[in-house]
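A short worksheet on the structure shown next.
Readers should treat all values here as calculations from the given coordinates under stated rules, not as data from a laboratory. The structure displayed is predicted, hence computed values, not measured ones. In this analysis, Cβ positions are derived from the backbone assuming ideal geometry, glycine residues included, and neighbour counts consider all displayed protein chains.
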Amino acid sequence: MAMPLKNSAVRLFRDDAGVLSSIDYILFVTILTIGSVVGLATVRDGVMQEFGDIGVAIETLEQSYTVDITFRNGSTQRFGWDQTGRALRVVCGRWVNLRSLVSW
């Protein structure tokens, strides 16, 4: 009983059907490497394009605003922030820096 099992094991060990040759393996690894390099370069270009788009969006973002406030006596004042971040108020039709009006 041990002899047929041993013969089967030896035949299975010596069988080379389905085994890749070294040239097939090298060709497979080469194609895989070239595909990976090309794919990673494409991903890199896409990520850099997105970072550029985000930079342009942040650069063109404007955060200045104005608010018109009407008081009980009927007078209206305009307050707001300019693009440099200074607090501004309209006095007689012109913008005035609020820090110049308040002594801190």
### Task
Please work out the FRET efficiency for the pair I34 and R14, using the Cβ-Cβ distance as r and a Förster radius of 22 Å; give the result to the nearest 0.05.
0.05
### Task
Rounded to the nearest 0.05, what FRET efficiency do I26 and M48 give with R0 = 30 Å and r taken as the Cβ-Cβ distance? Could you check?
0.35
### Message
Taking 22 Å as R0, compute the FRET efficiency from the Cβ-Cβ separation of L61 and A41 and round it to 0.05.
### Response
0.10
